[in-house]
1. How far, in nm, would the chain grow between Asn18 and Val189 when pulled straight, counting 0.36 nm per residue and subtracting the alpha carbon separation?
2. Given R₀ = 35 Å, FRET efficiency for Lys142-Ala268 by Cβ-Cβ distance, to 0.05?
3. Under a plain spin-label model, where a point goes 7 Å from the Cα along Cα-to-Cβ, how far apart in nm are Lys398 and Arg255?
4. Pick from Arg296, Arg178, Arg255: which residue has the top mean-square fluctuation in a GNM of the chain where Cα pairs under 10 Å get a spring?
5. To the nearest 500 deg cm²/dmol, what mean residue ellipticity at 222 nm is calculated for the chain from DSSP H runs of n ≥ 4 alone, each contributing -39,500 (n - 2.57), summed and divided by the residues?
6. With r defined as the distance between the Cβ atoms of Lys104 and Arg131 and R0 fixed at 56 Å, what FRET efficiency is calculated, to the nearest 0.05?
7. Based on a Kirkwood Rh over C-alpha pairs, give the Stokes-Einstein translational diffusion coefficient of the range 25-88 at 20 °C and viscosity 1.002 mPa s in µm²/s.
8. So which lysines pass the test for Lys165, namely a Cα distance under 29 Å, with those fewer than 8 places away in the same chain ruled out?
Amino acid sequence: MAICSDGSTSCKMNPTMNKLYDLIIIGSGPAGLSTALHLDHLAHNLDLTSLILEKSRHPRPKLCAGGILVEGERILAKLGFDLCEVPHVDVTNAYFNYEGRGLKTPFLSKKPIFRVVRRDEFDAWLANKARDKGIEIREEIKVQKVESFDDYALVKTDKGDFRAKVVVGADGSNSIVRRVVEPNPHPHVGRGLEVITPDIAEIPPGKNKQKASFDFLAVPQGISGYVWNFPTQIKGNAMRCWGVYDSNIVKVEKRAPLRQVLAKEMAAHGYDLNEYKLEGYPIRWYEFANQVSIPRVILVGDALGVDALLGEGIGPALGYGAVAATAIQHAFETNDFSFASYHGRLKRSPLGGALKRRTFLAKSFYRLKSARLQRFIWQRFGWLAGLLGVIFVIGWEKKK
Ligand SMILES: Cc1cc2nc3c(=O)[nH]c(=O)nc-3n(C[C@H](O)[C@H](O)[C@H](O)COP(=O)(O)OP(=O)(O)OC[C@H]3O[C@@H](n4cnc5c(N)ncnc54)[C@H](O)[C@@H]3O)c2cc1C
């Protein structure tokens, strides 16, 4: 039986390409590339014929602040890659606060809290790592539809049709593949607005510029998220990345316009938002109730969802790749392409645990919409919030 992307079961089969690939991955962002690289690492002996289809060409722009936490770096290290090869800025101080006052990290360690990359550079670097391993990426091919049949999945693109035993949807928040997996998903889409400015802040002697902040000042204004301000670089020039994230996880009658909240915060630091290009993109967060696969087709990365609390998706995208690779390996070893156990694997994985905890925290924390309460949490009990963060939010990917 075929399941079509419109949810029906009566779509026509018309493959114009006869080759049957073992695996086709749609999208060469961190989730798609991580899936391919983990599979190469885990199941090299299976000698799978695989292909990644990408609608753009690397290096391609991707709206993202580019903050990569230690988990992402650890996953890359386990694959044998050093994130420091990519141009980046180390964030040595991070502030989690309310109206500029609150928790300052690190507590003890002098290591960077996270690193900030530009996504065009990071994704192109990772794509080259995949190519070095012999993984084929065909660029400028846009997938239009995916259909699942008993013996294969059909991938329809603007350059013809492809067939594969397994298809991985790694095509981001606006995933086409998700339409065949989950025709009626639970709505859980947030939004991120972002702007890049030169770094004009005057830093007193002895202080460094590598500080990032996450300010929850937006919560009392009905926004289930925060305003960020990260250091970044473009071609070696010091820049800053500003943005506002709204997970939209708590339903409210009225919320302040995201642009207005961001403009106000930037103005407080001497920046006029009107002078810069503001861009926005949907951020989908992971909802346990949603379906993650159908026979022969699975989803990874933003196609499934990021964490709702912080909207952090690069490390999770790399983590999804690891889980998906074990599920695909299992499918080929057992000749069972139902992917019936993929959701269970995901839930039991450290990533699944982290996503679950973060979504729970987001649902609870973003409900606390009183300014007084937010001030109290961050300015009086920031240390406790930090401790809970260390225990429940970060550190899901172990070193070894
Ligand atoms: C404003 C903003 C700021 C963010 N900041 C951070 C941050 O600081 N840190 C962090 O960890 N996360 C951040 N995120 C989230 C992060 O960007 C995503 O979670 C991450 O990119 C997910 O990776 P992915 O591989 O799943 O999807 P993507 O990176 O979106 O990659 C999907 C790929 O699929 C390709 N594609 C899409 N459709 C098709 C198609 N039909 N056919 C073929 N190819 C297709 C795309 O061209 C793309 O290359 C941010 C997101 C936003 C919107």
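1. Numbers: separation 171, 0.36 × 171 = 61.56 nm, distance 3.76 nm.
Gain in length upon complete extension: 57.8 nm.
2. On the way: r = 42 Å, r/R0 = 1.19.
The computed FRET efficiency comes out at 0.25.
3. A separation of 3.7 nm, rounded to one decimal place.
4. Checking each option, the largest mean-square fluctuation is seen for Arg255.
5. Numbers: 10 runs with 107 residues, N = 400.
Taken over the chain, the calculation gives -8000 deg cm²/dmol.
6. Values: r = 41 Å, r/R0 = 0.74.
E between Lys104 and Arg131, to the nearest 0.05, is 0.85.
7. On the way: Rh = 13.4 Å.
The diffusion coefficient I find is 160 µm²/s.
8. Cross-link targets: Lys12, Lys19, Lys55, Lys78, Lys129, Lys133, Lys142, Lys145, Lys156, Lys347.
We did not get these values from a lab; they are worked out from the coordinates using the rules stated. A quick note: this is a predicted structure, and the numbers were derived from the prediction, not measured. Cβ: placed from backbone, ideal geometry, glycine included. Neighbour counts: every protein chain shown.
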